[in-house]
Amino acid sequence: MARKRKHQHEEHIDETWLIPYADLLTLLLALFIVLFASSKLDAQKFDQLVQSLTVAFNGGTGFFQSPNPLPAPPNSPVPTIEMKHVKTKEQEEQEKRFQQETQELQKLKGQLDSYIGESGLKDKLETKITDLGLLITILDNALFDSGSAEVRPEARQLAAEIAKLLETQPREVTVAGHTDNVPIHTREFPSNWELSSKRALNFMKILLENPKLDPRRFSATGYGEYRPIASNDTAEGRAKNRRVEVSILRNFPK
């Protein structure tokens, strides 16, 4: 009987090595799944996968613990690289309107440039298309005497021409006055604030002498010396800073 028991014990195969082998295969499988998921650049699915593995292996904590343990709300949009350059219909329509409006402002700019060239005012006026609209810059010596806010009689023709071109423009128009940084202190103008504001207001009033313009679309502002476009250290720079800007604003900004 003892010999029979010994024979049965010798025929039993030791299978304990299967336990670490199975664990190793499981870990390799988990590793490949994580690598595959991360290669898809989908953050939401990756977080969900990590959370599932965490619960499966460690009960919710450990090496695979997700830094964002709360699952994303259902049906929430997940930004991907492919979606970054996709434009909505509204954005496409906005860009189309922006381009159309740019063409209209370019036409107006061409008309102004023709008048400036014919009148010999190239050294005193400048036009420019910006993201905000059409900017018309007029140096102060084309409109005012030094230290004065009264528009010169000969400058009224310029204002009348600009007003005529604005008749067909259904856009907001702002008139802004600017000065250099040389202080002024008179009874009428205690500072550059008052001088720049009065100049903008007076020029706007002359524009609105055209009865075809809607005053509700116009406004005047004085910025004093605080928005220079050149250095105030030179006479040339100060001359550029003393200006009036007429801005025809876009209805469809960029």
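Laboratory data are not the source of any read-out in this text; all were calculated from the coordinates shown. Please read these numbers as outputs of a predicted model, since none were measured by experiment. Cβ atoms come from the backbone with ideal geometry, glycine included; neighbour counts cover every protein chain shown.
Determine, from the Cβ-Cβ distance of ASP113 and SER219 and an R0 of 22 Å, the FRET efficiency 1/(1 + (r/R0)^6), rounded to the nearest 0.05. With R0 = 22 Å, the Cβ-Cβ based efficiency is 0.30. Model label points for GLN106 and ASP131, set 7 angstrom from Cα along the Cα-to-Cβ axis, are 1.9 nm apart. Taking a ≥ b ≥ c as the square roots of the eigenvalues of the Cα gyration tensor, an a/c ratio of 1.5 or more together with a/b larger than b/c marks the stretch 90-249 as prolate. Counted residue by residue at 0.36 nm each, then reduced by the alpha carbon distance between them, the extension gain from LYS164 to TYR21 reaches 42.5 nm.
Beyond 20 Å in Cα-Cα separation lie the following of the pairs LYS124/LYS212; LYS87/LYS128; LYS164/LYS254; LYS89/LYS254; LYS164/LYS212: LYS124/LYS212; LYS87/LYS128; LYS164/LYS254. Using alpha carbon centroids, what distance separates the stretch 172-208 and the stretch 87-111, in Å? With the stretch 172-208 and the stretch 87-111 each reduced to a Cα centre, they are spaced 32 Å.
Assuming R0 = 30 Å, what is the FRET efficiency of ALA235 and ARG187, from their Cβ-Cβ distance, to the nearest 0.05?
Values: r = 27 Å, r/R0 = 0.89.
Approximately 0.65, to the nearest 0.05.
Estimated from the Cβ-Cβ distance and a Förster radius of 25 angstrom, the FRET efficiency linking LYS89 and LYS254 is about 0.90.
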